[in-house]
Amino acid sequence: MFWFRSAACPTLYCRVFQLSRMPLQTVFSIASRGISQGENGNHALRWDLSPDEIKTHTDNLINRTKTAYDHIGSLDVETVSVQNTLLTLADAKFNYAASRHVLDFPQFVSPCKEVRSASTEAEKKLAKFDVEISMREDVFHRVIALQKKLQGHLTPEENRFVHRIVTLGKRNGLHLAKEIQEEIKRASKLISELSIEFNRNLNEDTTALVFSERELGGLAESYLNGLERTEDGRYQVTLEYPHYYPLMKRCHIPETRRRMETAFHSRCKEENTAILEQLMELRAKVASLLGFSSHADYVLELNMARNANHVSDFLDKLYTRLKPIGEKERKYLLALKKRECLMKGLAFDGQVNAWDLPYYMNQVEQVKFAVNKDKLIEYFPLHTVTRGLLGIYQELLGLTFTQVPAPNAWHESVDLYAVRDAATGDDIGRFYLDLHPREGKYGHAACFGLQPGCVGPDGERRLAVAAMVANFTKPRKGWPSLLQHHEVETYFHEFGHVMHELCSKTVFSEFSGTQVETDFVEVPSQMLENWVWEEPSLRRMSGHYKDGSPIPDALLSKLIASRVANTGMMNLRQVVLGKVDQTLHTTACADTAQVFATHSESILGIPATPGTNMTASFSHLAGGYDGQYYGYLWSEVYSMDIFFSHFKKEGIMNPKVGRAYRKAILEPGGSVDGMDMLTCFLGREPCEDAFFQCKGLVHPAGKKS
């Protein structure tokens, strides 16, 4: 997942022009104490701001940026130029982006609750300001005047930048009556505030359940050793990923799984259900004011899919293709459950429940593919996976990573790396790795863009900065951090976003890194997941935690073969989530818990657990994927076409293919349409054959399974 910053309005960023600056540039000199001067004219980010400093810098940033907009808005329409309008706006937006994330990112990662709270309040204030500046009709009309004045005299990226500003202005209603604009502004501010609250509630959730050793039957010693103990000797299990998912997959006590599943999908149920229902109403209202039939149609206008009908057709087509294999898999899961109930003398209720699904899907891997998860995890210590992952990415993309000693980071466990181009030695950027859970930290895995990689007001290219945030098991009690294979896959996925952030070479930061269509943003990261299913790359990122010995051939072969395990059920669940998202955002009100329950039952054949509401903890709905969750499946179709048509054929570590991929897919950022990037790299229109082949539904020769 790539974290999208503003749920209310996209922000605009920067450019490179070798033109003299106006005196106004002094307004944007990086005087904020949140930024310190670094090497080569670039800036190092500070993470030691106090709550009071965060508040002060937030106010200063808003004031500096407002001054720029006031200047542009005061220009005589007849005098607008690239220099006094486009460049000034671009410079202001670059400086805004370069300063902002020091203020709003700590809410996700700071170990200090007071700092997290101050950062959340800063984001609320900045999100409201985002709405204010996106609704500046005076600036909007001057950019329109500039567009007309310079039509045919702009470079392709300049033209794309101006066109985007105008398009976003219209999508904010700046061409409509004043009273409508005010309604949109009020609703957009509230949408931003509610989205922030939704995710803060999840981040601050500290729910934990207590179980006896017997109640945790089936779990490995390494898992139990990582749990806190109560005074009476029982185990405390949180709802964080390293605790929740292994338990749901391995614990053979149904009641334990039921309690965990119920708690997990009841997180923040009361407060976030109310927030989500209000978000739906507000989003539908804004869409209607702007002339769209639904919020989904509104957000999809700028995506590859274009509208909700195309998304519906896409999901329906996948459902039709996946339904037969999904039904076959569900019946097999039910048979496994019936057999286990008979063997253990448990009551058999005749259905696969939500708390049964991960457990019996894991059994499928063990029964059909004989993958020994307890043994496999011993070969994926985090430090070995990290070394292998970084080596693969460097070799593949032609980069060099150097760890920065004693980095200035927000927590002692965070690592920082400098990135250079291996061929030229040019400095490209920096990335942070924050990989372990802690109280108050963002609870999922995501990439956060912290500074756009573009050319700043002084004509020098700024280094891109990104952070990968994850929640892998902490090392403790003589055990290193050991990763499940699916966590290795997550690692490769999120680091793919990091590379997208760092490798882009755009003129404007508006198009830097992952600033692409939302249903294209997952393509690069999903494509790179394939490396965790290939023998050569798996060898490079694994080794027994005790002696570094390689994964036995038999175990490795079984792991690779298990890629098609539960293909139907896993992908049908993605269809469920895509359908839920679309349903919620093609209407103004709905019983959100019932919407999920209906789709889960009808598509997956799995009833929702009574009393839960999965959507209340579905962070994508308030994290920039509203109306766009289908993008994971949509992107995967294209990512598989890229991998199978080039890397699989020409070598997964072929540096020539890797550099071509970097140039065609990563470097353009959002300066080129996603479809154009795909056709450039593929040499043809993309197709879906590789996607279905990867899922085991079509054999390489084209024969259906």
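Just so you know, all these numbers are worked out from the coordinates, no wet-lab data involved. Keep in mind it's a predicted model, so treat the numbers as computed, not measured. Don't worry about glycine lacking a Cβ; one is built from the backbone with ideal geometry, like all the others, and counts go over all protein chains shown.
Below, the figures for the structure above:
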{"item": "Debye intensity ratio I(q)/I(0), log10, the range 562-705, q values 0.09, 0.14 Å⁻¹ (C-alpha model)", "result": "-0.39, -0.83"}
{"item": "For the chain, the longest site-free run once GluC sites (Glu not before Pro) in DSSP loop states with at most 10 other Cβ atoms within 10 Å are removed", "result": "413-705"}
{"item": "Glu460-Lys368 pseudo-label distance in nm [points 7 Å out on the Cα-to-Cβ vector]", "result": "5.7"}
{"item": "Long pairs among Lys66/Lys178; Lys125/Lys663; Lys124/Lys317, criterion Cα-Cα beyond 30 Å", "result": "Lys125/Lys663; Lys124/Lys317"}
{"item": "For the chain, calculated [θ]222 nm from helices alone, where every DSSP H run of n ≥ 4 adds -39500 (n - 2.57)", "result": "-15500 deg cm²/dmol"}
{"item": "Loop chymotrypsin sites (Phe, Trp or Tyr not before Pro), the range 293-382, which have at most 14 other Cβ atoms in a 10 Å radius of their Cβ (DSSP)", "result": "Phe348"}
{"item": "Mean Kyte hydropathy of -0.5 or more with a Cα span along the axis of at least 20 Å, helices from DSSP in the chain", "result": "88-104, 269-289, 382-397, 567-584"}
{"item": "Pairwise centroid distance, computed over Cα atoms, of the range 251-286 with the range 296-374, Å", "result": "20"}
{"item": "Additional length obtainable on full extension of the chain from Asp48 to Ala406, 0.36 nm per residue less Cα span", "result": "127.5 nm"}
{"item": "Listed residues Ser293, Thr238, Pro407: farthest to the positive end of the dipole of the chain (Cβ charges)", "result": "Thr238"}
{"item": "The range 428-484 and the range 77-102: distance between their alpha carbon centers, rounded to Å", "result": "28"}
{"item": "Calculated over the range 57-123: convex hull of Cα atoms, volume per residue (Å³)", "result": "70"}
{"item": "Label selected from (1) 57, 25, 24; (2) 41, 28, 26; (3) 43, 35, 24, the criterion being semi-axes √(5λ) of the Cα gyration tensor in Å as computed here", "result": "(2)"}
{"item": "Fully extended contour minus Cα-Cα distance, from Asp349 to Lys55, at 0.36 nm per residue", "result": "100.2 nm"}
{"item": "D_trans [Stokes-Einstein, Kirkwood Rh over alpha-carbon pairs] for the range 269-409, 25 °C, 0.890 mPa s, µm² s⁻¹", "result": "115"}
{"item": "Spin-label model distance (nm) - Ala422 vs His252, 7 Å beyond Cα toward Cβ", "result": "4.7"}
{"item": "Lys pairs under 30 Å by Cα in the range 417-554, provided they are eight or more residues apart or on distinct chains", "result": "4"}
{"item": "Alpha carbon centroid spacing (whole Å) that separates the range 661-685 from the range 104-154", "result": "28"}
{"item": "Proximal lysines relative to Lys149, as straight alpha-carbon distance under 24 Å, when same-chain residues fewer than 8 apart are discounted", "result": "Lys93, Lys170"}
{"item": "Counted charge near Lys149, where neighbours are those whose Cβ lies closer than 14 Å (Asp, Glu -1; Lys, Arg +1)", "result": "-1"}
{"item": "Surface/4 of the Cα convex hull for the range 501-558, nm²", "result": "6.0"}
{"item": "Trypsin sites (Lys or Arg not before Pro) restricted to DSSP loop in the range 611-705 with at most 12 other C-beta within 10 Å", "result": "Arg684, Lys703"}
{"item": "Counting DSSP beta bridges with both ends in the chain, the antiparallel % (nearest 5)", "result": "80"}
{"item": "Alpha carbon convex hull of the range 354-457, volume per residue in cubic angstrom", "result": "194"}
{"item": "Sequence-distant lysines (8 or more away, or on other chains) whose Cα lies within less than 29 Å of Lys323", "result": "Lys249, Lys331, Lys337, Lys338, Lys368, Lys373, Lys558, Lys579, Lys648, Lys695, Lys703, Lys704"}
